[in-house]
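**Q** If you scroll down you'll find the structure; I have some questions about it.
The values are calculated or read from the model by the stated rules, or taken from the named source; none is laboratory data. Keep in mind that this is a model prediction, so the values were computed, not measured. Cβ placement follows ideal geometry from the backbone for every residue including glycine, while neighbour counts extend to all protein chains displayed.
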Amino acid sequence: MLSKILFLTVVGLSSLHPARSQSTPSVCDNSTILIDSRRALTAAQECTTVAGDIVIQYASDFPATIEFPNLELVDGNFLSIDFDEDIRVTRLSAPKLTTVAADVYISRWVNLTTINMPVLTTINRVRLNNLPSLTSANFLSTLETIENNYEVTNTSLKEIRNDKLSYAVFVEIFDNKALEKFELTALKNSSYNVALRRNKPGVEVSLPALKEVFYFEFQRISSLEIPELERAIGHFVVNDSTVETLEAPKLRDVGGWYDPSISITNNKGLLIQNSRSLKSISFPVLEAVQSDLVIRNNSELQDISFPMLRRIAGNVGLEGTFESVRFPKLDRVGGVFSLGNDENGFNCADLREFKNNGTIRGDFSCPQYQEPPTGGSSQGEPKEEIEDRLNRTSSGTGFESFGSFNAFVFAIFASAVLSVL
């Protein structure tokens, strides 16, 4: 059923004309070349340019290698549908392919080990999904231009590297059981998210050029390089990781975008938790967290210091065995401030002064931890006051650097469509 929905969604906008054993020009000019047999494959292999989509559908007589030796340009999608577990294909190759105008979507080839597209540079979106035997996909490194998404899910790739790609809407790397390194060294901007989840524990992550991102979420990582990151407009999350140091030397704002009709990024702002090897954090120029600040269950972390942090629109939740907690510039917490510390003799006096002088607008608890509220914007500061303040302070932290608000609307729409597919 899933594959049929995909077929209708991606291909159904054009008339579907099955590949026929005619002259090469007729096949290549079809709005869709449906490859569902060895015979159809043989006809398509003569094409240099395809006017529409290439759709590969399961066929029992496919060879072990599906190759398009002459193909250079696809003016539509390059995708697969209706693949069964007994598909024998182990290799997909298009050695001359440089451009796919729409999407490259390869899914459910359980025996596929290799995708060979060594000169592919330009596509709209890449989705590699449910390819548990895949160990090589060289085009992930050659891509220079993507209009939308860079997604790799459930493969056996050990490394994902690219030093040419500067922009993507989504970067989602999920459920890759063998992944050890993830490097997008040219990526400067992701207008929706950069996220790694449920991959092999201990992934090394390098994003040395990244300046702006909407949602930033990392799980099961052992290192994170983000020396240029300045804004995480939605949230910044590191969870369930073995990273020992976490540094964001240029990060100034987290949660700079705010919609008063919903909760502030669902109470995610700056969230660092469940990372038991974490010994130090450094956010030396961070000035504003426009939602919640939560640091919990990082048993080796002894010191928390945000030397330039002034405003937290939501709640603060800190829990651990800290020796010191310092916010020397803090002048506003819109919600509650809760710190739980099991160390005997921890001094809460300096933090309590924030409550006494009105910096903390909600409840204060220290050293006993009380769970901050979830949902809604915050507790203690009226939504209208938060909204007014954020309108005044959000200049330069919103969408202008991403081109337009329409880009974000498109990203949300794309996310909804992908969830259906």
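**Q** So is Ser156 in contact with an Asp or Glu (Cβ under 7 Å, 6 or more places away or on another chain) and more than 28 Å from Ala101 (Cβ to Cβ) or not?
**A** Working: in contact with an Asp or Glu (Cβ under 7 Å, 6 or more places away or on another chain): no; more than 28 Å from Ala101 (Cβ to Cβ): yes.
No; evaluated as a whole, the condition is false for this residue.
**Q** Checking Phe218 against (1) outside the structural domain of Val110 (by TED's automatic domain parsing); (2) at pLDDT below 95, which test does it fail?
**A** In the conditions (1) outside the structural domain of Val110 (by TED's automatic domain parsing); (2) at pLDDT below 95, Phe218 misses (2) alone.
**Q** Going by the conditions given, is Asn162 farther than 19 Å from Ala232 by Cα and touching a helix residue (DSSP H, G or I) at 6+ places or on another chain (Cβ under 8 Å)?
**A** Values: farther than 19 Å from Ala232 by Cα: yes; touching a helix residue (DSSP H, G or I) at 6+ places or on another chain (Cβ under 8 Å): yes.
Answer is yes for this residue.
**Q** Answer yes if at least one residue in the range 258-275 is under 24 Å from Glu147 (Cα atoms) and not in a loop (DSSP other than H, G, I, E, B), and no otherwise.
**A** The initial filter retains those residues of the range 258-275 that are under 24 Å from Glu147 (Cα atoms), namely none.
Looking for residues that are under 24 Å from Glu147 (Cα atoms) and not in a loop (DSSP other than H, G, I, E, B), one finds none in the range 258-275, hence no.
**Q** For the range 104-155, which positions are over 23 Å from Asp86 (Cβ atoms), among the charged types (D, E, K, R) and modelled with pLDDT under 95?
**A** Glu147
**Q** Of the residues in the range 266-287, how many are over 18 Å from Glu247 (Cβ atoms) and at pLDDT 95 or above?
**A** 1
**Q** Just need a number here: residues in the range 321-348 that are within 23 Å of Ala288 (Cα to Cα), among the aromatic types (Phe, Trp, Tyr) and surrounded by fewer than 22 Cβ atoms within 10 Å (Cβ to Cβ).
**A** 1
**Q** Related question: Only one of these conditions is not met by Asp163: (1) within 15 Å of Glu225 (Cβ to Cβ); (2) among the acidic types (Asp, Glu); (3) out of contact with any Ser or Thr (no Cβ under 9 Å at 6 or more places or on another chain). Which number is it?
**A** With respect to (1) within 15 Å of Glu225 (Cβ to Cβ); (2) among the acidic types (Asp, Glu); (3) out of contact with any Ser or Thr (no Cβ under 9 Å at 6 or more places or on another chain), Asp163 is out only on (3).
**Q** Still on this model: Report whether or not Glu217 is of a type in the set (Asp, Glu), within 14 Å of the chain's Cα centre (by Cα) and under 22 Å from Lys279 (Cβ atoms). Working first, answer last.
**A** Numbers: of a type in the set (Asp, Glu): yes; within 14 Å of the chain's Cα centre (by Cα): yes; under 22 Å from Lys279 (Cβ atoms): yes.
Against the criterion (of a type in the set (Asp, Glu), within 14 Å of the chain's Cα centre (by Cα) and under 22 Å from Lys279 (Cβ atoms)), Glu217 qualifies.
**Q** Residues Val119, Val55, Val89: which one is assigned to a strand (DSSP E or B), among the β-branched types (Val, Ile, Thr) and outside the structural domain of Asn176 (by TED's automatic domain parsing)?
**A** Numbers: Val119 fails: assigned to a strand (DSSP E or B); Val89 fails: assigned to a strand (DSSP E or B).
Only one candidate passes the filter, namely Val55.
**Q** May I pose another question? With the requirement that a residue be surrounded by 14 or more Cβ atoms within 10 Å (Cβ to Cβ) and modelled with pLDDT of 50 or more, what does the range 1-37 give you?
**A** Across the range 1-37, the qualifying residues are Val27, Cys28, Asp29, Asn30, Ser31, Thr32, Ile33, Leu34, Ile35, Asp36, Ser37.
**Q** Would you call Leu71 closer than 21 Å to Asn148 by Cα, free of Cβ contacts under 8 Å to residues at least 60 places away in the same chain and assigned to a loop (DSSP other than H, G, I, E, B)? Before you say what the answer is, go through the steps one by one.
**A** Details: closer than 21 Å to Asn148 by Cα: no; free of Cβ contacts under 8 Å to residues at least 60 places away in the same chain: yes; assigned to a loop (DSSP other than H, G, I, E, B): yes.
When the stated conditions are applied, Leu71 does not pass them.
**Q** Just give me the residues in the range 209-239 being touching a Ser or Thr at 6+ places or on another chain (Cβ under 7 Å), more than 20 Å from Val152 (Cα to Cα) and not in a strand (DSSP E or B), in sequence order.
**A** Ala209
**Q** Going by what's in this entry, would Asp53 be described as out of contact with any Phe, Trp or Tyr (no Cβ under 7 Å at 6 or more places or on another chain), among the charged types (D, E, K, R), without any contact (Cβ under 8 Å) to a residue 40 or more places away in the chain and surrounded by 16 or more Cβ atoms within 10 Å (Cβ to Cβ)?
**A** Working: out of contact with any Phe, Trp or Tyr (no Cβ under 7 Å at 6 or more places or on another chain): yes; among the charged types (D, E, K, R): yes; without any contact (Cβ under 8 Å) to a residue 40 or more places away in the chain: no; surrounded by 16 or more Cβ atoms within 10 Å (Cβ to Cβ): yes.
Spelling it out, it is not the case that Asp53 is out of contact with any Phe, Trp or Tyr (no Cβ under 7 Å at 6 or more places or on another chain), among the charged types (D, E, K, R), without any contact (Cβ under 8 Å) to a residue 40 or more places away in the chain and surrounded by 16 or more Cβ atoms within 10 Å (Cβ to Cβ).
**Q** Next question, about the same structure. Give just the number: which of (1) surrounded by 19 or more Cβ atoms within 10 Å (Cβ to Cβ); (2) over 20 Å from Asp163 (Cβ atoms) does Ile123 not satisfy?
**A** (2)
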